[in-house]
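Q: Attaching a single structure in structure tokens format; questions to follow.
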Amino acid sequence: MGAFGTAPALGAEEGAVTFGTFFRVLGIVASSTAIVALILVQFVFHDRFHRTTRHWILMVLLLVFPLISVLGTMETVMEETKTVASCNSCHVMEPFVNDLQNDSSSTLAARHYKNKWIPKQQCYQCHTTYGVHGTLAAKRDGFRHWLLYVTGTYDEPIQYSGSYPNVNCTNCHAGTDKFQSVEVHSSLRPLLASDQVSCTSCHGPPHPSPPDRALLDSISTPHPTAAR
């Protein structure tokens with residue numbers, strides 16, 4: 001990883017219960033419970049409850065439990081958007097994913113993927129400030145990009161406008177011994193923190209440039225375990 005050093009492993013450990021898993025199970029349990037309870041209250045135990053009580057129970061079953069199910073579904077969708085497969089579902093992202101999984105590529109994304117510096121959710125871990133998971137400005141830009149995509153009003157090859165925040169790099173690398181041992185990192189710390197100097201200025205491009213994408217896309221071979 002050059003001057004940065006090896007980044008700490010990110011993501012949940014194998015077998016660990018994530019928020020996505022928890023809310024998915026919660027949504028399934030809530031839906032199943034509501035269906036069973038509705039049948040029991042309305043048809044089996046209909047005469048055992050006072051009319052007002054039964055109506056309150058039915059209202060809770062028809063409103064609260066479905067709301068829990070919806071929340072579970074939303075959390076599951078949010079977790080799914082963190083996967084490489086979700087990013088690759090838009091064809092304009094295919095060259096970037098192909099480069100990511102290309103062993104012969106020297107881009108930062110490909111080096112991180114090849115060396116397993118980021119074990120999972122490789123796109124998301126470096127773009128945590130983008131889209132639905134990011135700031136209000138990121139959500140605005142993400143919606144604009146989605147609107148351009150679904151309406152087909154974008155130009156290819158796509159061009160990135162804006163700046164990439166260094167915090168997405170330093171969140172992992174700033175605490176490593178190799179990062180701290182490089183004097184220029186210390187001298188540039190205020191400029192790096194304010195994004196006046198980009199990490200990629202010294203460490204190379206994160207993705208292939210527009211002229212290189214077609215070439216890399218034609219020679220790349222997707223990894224057999226890609227986009228899990």
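The values are calculated or read from the model by the stated rules, or taken from the named source; none is laboratory data. Note that the structure is a prediction, hence the values are computed from the model and not measured. Every residue, glycine as well, gets a Cβ built from its backbone with ideal geometry; the counts of neighbours run over all protein chains shown. Just so you know, the surface numbers come from the protein's heavy atoms only, side chains and all, with ligands and any DNA or RNA stripped out. Shrake-Rupley method; radii C 1.70, N 1.55, O 1.52, S 1.80 Å.
Q: Scan the range 53-63 residue by residue and report those that are open to solvent by less than 70 Å² (accessible area, probe 1.4 Å) and either farther than 13 Å from I35 by Cα or out of contact with any helix residue (DSSP H, G or I) (no Cβ under 7 Å at 6 or more places or on another chain) (or both).
A: Those that are open to solvent by less than 70 Å² (accessible area, probe 1.4 Å) and either farther than 13 Å from I35 by Cα or out of contact with any helix residue (DSSP H, G or I) (no Cβ under 7 Å at 6 or more places or on another chain) (or both): T53, R54, V60.
Q: Under 6 Å between Cβ atoms, which residue pairs at least 6 apart in sequence (or on different chains) link something in the range 97-109 that is within 21 Å of S86 (Cα to Cα) with a partner that is open to solvent by 10 Å² or more (accessible area, probe 1.4 Å) and among the acidic types (D, E)?
A: N98/D217
Q: Please state which of the following conditions N102 fails to meet, knowing it meets all the rest: (1) at pLDDT 80 or above; (2) open to solvent by 30 Å² or more (accessible area, probe 1.4 Å).
A: (2)
Q: Okay, next question. Would you mind stating whether A138 is among the small types (G, A, S), crowded, with 16+ Cβ neighbours inside 10 Å and modelled with pLDDT of 90 or more?
A: no
Q: If you don't mind, another one. So in the range 143-185, with the set limited to residues that are small (G, A, S), in a loop (DSSP other than H, G, I, E, B) and at pLDDT 85 or above, which one is surrounded by the most Cβ atoms within 10 Å (Cβ to Cβ)?
A: A174
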